[in-house]
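Readers should treat all values here as calculations from the given coordinates under stated rules, not as data from a laboratory. None of the values given here were measured: they were computed from a predicted structure. Ideal geometry is used to build each Cβ from the backbone, glycine not excepted, and the neighbour counts take in all protein chains shown.
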Amino acid sequence: TGVKAYAAVDLGASSGRVMVGRVGPDSLELEEAHRFPNRPVRVPEGLRWDVLGLYAGVLDGLRAAGARSGGRLDSAGIDSWAVDYGLLDADGALLGNPVHYRDGRTEGVAEKVWATVPASELYAATGLQYAPFNTLYQLTAARSSAQLARAERLLLIPDLLTYWLTGEQGTELTNASTTQLIDPRTRDWAHDVAERLGIDLGLFAPLRHPGDPAGVLRPEVLEETGLTGPVPVTAVGSHDTASAVAAVPADGERFAYICTGTWSLAGLELSAPVLTEESRAANFTNELGLDGTVRYLRNIMGLWLLQECVRAWGDPDLGELLREAARVPALRSVVDAGDAAFLAPGRMPERIAEACRASGQPVPESRAEVTRCILDSLALAHRRAVEDAQRLAGHPVDVVHVVGGGTRNALLCQLTADACGLPVVAGPAEAAALGNVLVQARAHGLAGDLAGTRRLLVRTQPLTRYEPRGGTARWRAAEARLAGS
Ligand code: ADP
Ligand code: LRH
């Protein structure tokens with residue numbers, strides 16, 4: 001039949017999943033084989049990822065994926081959240097648990113970096129927006145640690161898991177572009193920046209590109225997962241956002257996208273980076289995508305704000321909460337969902353209330369009111385990012401594609417359409433896994449470029465369209481309220 005089976009491992013900040021993608025010349029199906037929570041752990045040294053737990057989840061997932069495909073997979077590929085890494089010693093053993101990007105160790109580090117390489121030079125050389133957790137700042141924060149002193153190798157999270165599966169090391173380019181050590185024009189290391197900051201690029205394994213072979217599952221992995229070898233592992237767009245944008249079901253180029261999950265990543269796909277001072281001031285990033293593309297986008301706090309409230313409230317039913325929030329009057333109070341003040345975990349309902357009070361707005365009291373405040377604030381931030389990106393890149397759009405877990409939140413999709421004053425096309429929810437599958441499929445014979453695989457998505461994936469309601473005047477007013485505070 002010409003249908004091949006691929007396993008896509010997609011690790012988000014809130015959950016990991018292993019999906020089976022079945023791809024034929026004109027067909028694409030995705031099935032969930034296994035899902036597991038991704039829970040950061042606070043130990044005395046700080047906030048850490050439970051990376052062995054995640055690896056165990058990957059093995060369980062591959063076993064479940066095999067069980068759904070007669071023990072055979074044509075390939076497997078891994079993507080995850082960006083910027084974080086594991087360090088290996090000279091024997092190839094992991095040195096400690098990878099530090100979570102929400103850990104506080106990078107506080108105040110940027111100013112030290114900028115004293116050596118001014119922020120404007122750093123932007124011109126790397127195109128990355130300022131975020132305290134960019135790998136460059138993490139490595140600077142760790143400079144005098146015993147761990148870094150012993151480290152012989154640094155592997156980004158998907159590359160680390162790929163190494164454990166195959167024994168082969170590499171640094172996949174789309175995720176490498178989030179380290180702030182890559183030049184988006186040459187799509188190669190920013191040697192000058194690294195040298196000036198005393199960062200040893202020799203720590204990184206050689207670059208590999210989406211579609212490159214990344215080894216085969218080790219015999220022990222085959223045994224543990226019950227798979228029949230050989231199973232090739234393929235480098236995908238290993239940054240989850242690179243994979244998600246590759247699976248935006250767009251027709252043509254006049255589209256904006258918003259990848260909604262723990263984060264909202266809102267922006268445009270471009271053929272060249274925008275490295276102007278204006279773009280830096282607006283905190284837009286130029287991450288590298290598939291097939292020579294640039295992801296020009298802004299990080300917005302995303303559904304993290306809601307996840308943290310729900311956690312604080314003892315996990316009430318999300319569907320019920322969203323139904324109640326839909327009945328709360330719109331735009332009573334909004335917070336700046338781009339504000340890094342919301343980055344750290346803890347006390348989220350209180351922090352949101354404090355932000356409303358500080359800006360002279362009504363303080364949301366009930367859970368439904370806080371939820372509504374979060375969703376209005378996210379929609380407003382989506383509007384600003386979509387508008388700013390079009391202006392800064394000189395690239396107008398007619399439609400906003402929303403992909404990721406947030407597409408399951410109909411209220412958020414509708415509010416985003418209203419705020420942007422543009423139609424929203426929502427779906428697929430598992431965009432990162434689909435993008436992961438499609439890169440593997442192309443590496444293993446599926447014909448077509450990015451535009452071609454996007455047409456396949458349009459033909460095969462269920463999508464929901466939301467039309468904008470009621471004009472954007474009240475959103476502009478809310479924006480002015482926030483700017484004036
Ligand atoms: P990540 O990959 O960053 O871990 P996801 O893309 O999986 O995040 O999105 C997770 C978010 O999607 C949750 O925090 C939640 O807000 C939203 N979500 C998931 N399922 C539903 C649902 N059934 N209804 C409403 N929202 C949902
Ligand atoms: C989303 C994401 C995002 C990064 C953040 C650290 O999962 O990869 O693109 O900025 O995590």
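Could you list Glu168, Glu278, Glu430 so that the one with the fewest beta carbons within 10 Å of its beta carbon is first and the one with the most is last?
Least to most surrounded, the residues fall as Glu278, Glu168, Glu430.
Given bins 10 angstrom wide, list per bin the percent of all Cα-Cα distances in segment 443-485, short to long.
Reading the bins upward from 0: 21, 22, 17, 22, 16, 2.
Could you state, as a whole-number percent, how many of the C-alpha pairs of segment 242-284 are farther apart than 11 Å?
So the portion of pairs separated by more than 11 Å is 73 percent.
Collect residues whose amide H, placed 1.01 Å from N in the peptide plane, falls under 5 Å from the amide H of Ala33; neighbours closer than 5 in sequence don't count.
Excluding prolines and chain starts, which carry no amide H, the hits are Val18, Met19, Val20.
Could you tell me which of Gly16, Ser333, Leu161 has its Cα farthest along the dipole of the chain towards the positive end, charges placed at Cβ (Lys, Arg +1; Asp, Glu -1), taken about the Cα centre?
Ser333
Of the options Pro213, Gly267, Thr135, report the single residue whose Cα projects farthest towards the positive end of the charge dipole of the chain (beta-carbon charges: Lys, Arg +1; Asp, Glu -1).
Positive-most Cα among the choices belongs to Gly267.
Taking the Cα centre of segment 220-348 as origin, sum charge times position over the Cβ atoms of Lys and Arg (+1) and Asp and Glu (-1), and report the length of that vector in debye to the nearest 20.
For this selection, approximately 560 debye.
So what is the relative contact order for segment 1-86, in percent, with contacts set as C-alpha pairs under 8 Å and at least six apart? Walk me through the numbers before you get to the answer.
On the way: 151 pairs, mean separation 30.6, N = 86.
About 36 percent, as a whole number.
Give the order of Arg295, Arg481 when sorted by the count of other beta carbons within 10 angstrom, beginning with the fewest. Don't skip to the answer; put the middle values down first.
Values: Arg295 29, Arg481 16.
Fewest-to-most ranking of Arg295, Arg481: Arg481, Arg295.
Based on Cβ point charges of +1 for Lys and Arg and -1 for Asp and Glu, what charge dipole magnitude is obtained for the chain about its Cα centre, in debye rounded to the nearest 20? Kindly include the intermediate steps, with their values, before the conclusion.
On the way: 47 positive and 58 negative charges, 208 e Å.
I would put it at about 1000 debye.
Assuming a ≥ b ≥ c are the square roots of the Cα gyration tensor eigenvalues, decide whether segment 305-367 counts as rounded (a/c under 1.5), prolate (otherwise, with a/b larger than b/c) or oblate. The partial results should precede the final answer.
Values: a/c = 1.95, a/b = 1.14, b/c = 1.71.
In terms of gyration-tensor shape, oblate.
Could you give me the radius of gyration and the Dmax of the chain, taking only the C-alpha atoms into account and expressing both in angstrom?
Taking only Cα atoms of the chain, I get Rg and Dmax of 21.5, 63 Å.
Which value in nm describes the separation of the simple spin-label points at Lys112 and Arg455, placed 7 Å from the Cα toward the beta carbon?
With each label placed 7 Å out from Cα toward Cβ, I get 5.3 nm.
Please list 3J(HN,Hα) in residue order for segment 247-264, calculated via the Karplus relation 6.51 cos²θ - 1.76 cosθ + 1.60 where θ = phi - 60°; whole Hz, with x for glycine and proline.
Each residue's phi maps through the Karplus curve to give 9, 6, x, 8, 10, x, 10, 8, 9, 10, 10, 10, 8, 10, x, 3, 9, 10 Hz.
Using a basic spin-label model with each label point 7 Å from the Cα along Cα→Cβ, how many nm lie between Ser271 and Tyr55?
4.3
Residues of segment 343-362 with amide nitrogen under 18 Å from the 7 Å Cα-to-Cβ point of Arg39?
Answer for this model: 345-347.
Search the structure for amide H atoms under 5 Å from the amide H of Glu172, placed 1.01 Å from N in the peptide plane, and list their residues when 5 or more places away or on another chain.
Arg208
How much FRET efficiency would the formula 1/(1 + (r/R0)^6) give for Ala483 and Arg323, where r is the Cβ-Cβ distance and R0 is 35 Å, rounded to 0.05?
Efficiency at R0 = 35 Å is approximately 0.65.
Could you tell me the extents of segment 209-364's C-alpha atoms along the three principal axes, largest first, rounded to whole Å?
The Cα atoms of segment 209-364 stretch 61, 44, 29 Å along their principal axes.
Each residue of segment 72-84 in turn: what ³J(HN,Hα) in whole Hz from Karplus with 6.51, -1.76, 1.60 and θ = phi - 60°, glycine and Pro shown as x?
Ordered by residue, 3J(HN,Hα) equals 10, 10, 6, 5, 9, x, 10, 10, 8, 4, 8, 6, 8 Hz.
Dipole of the chain (Lys/Arg Cβ +1, Asp/Glu Cβ -1, origin at the Cα centre): which of Thr186, Pro44, Gly319 lies farthest to the positive side?
Gly319
For all pairs of alpha-carbon atoms in segment 149-194, what percent lies in each bin of width 10 Å, listed from the first bin to the last filled one?
Spelled out per bin, shortest first, that is 25, 46, 27, 2.
Counting only C-alpha contacts under 8 Å and six or more residues apart, can you give the relative contact order of the chain as a whole percent?
Values: 1052 pairs, mean separation 78.1, N = 485.
Reported as a whole number, the value is 16 percent.
Test of understanding: ordering Val397, Val245, Val20 by Cβ neighbours within 10 Å, fewest first, what list do you get?
On the way: Val397 20, Val245 30, Val20 25.
Fewest-to-most Cβ neighbours within 10 Å comes out as Val397, Val20, Val245.
What base-10 log of the normalised intensity I(q)/I(0) is obtained for segment 93-215 from the Debye formula, alpha carbons as equal point scatterers, at q = 0.09, 0.18, 0.22, 0.23 Å⁻¹?
Listed by q, the Debye log ratios stand at -0.24, -1.01, -1.45, -1.55.
Quick check for me: using +1 on Lys/Arg Cβ and -1 on Asp/Glu Cβ, what's the dipole size of segment 382-485 about its Cα centre, in debye to the nearest 20? Walk me through the numbers before you get to the answer.
Working: 13 positive and 8 negative charges, 24 e Å.
The dipole of segment 382-485 has a size of about 120 debye.
Mind ranking 382-393, 30-41, 362-373 by how tightly packed they are, going by the mean number of other C-beta atoms within 10 angstrom, highest first?
Values: 382-393: 21.4, 30-41: 15.8, 362-373: 19.5.
So the peptides 382-393, 30-41, 362-373, ranked by packing, come out 382-393, 362-373, 30-41.
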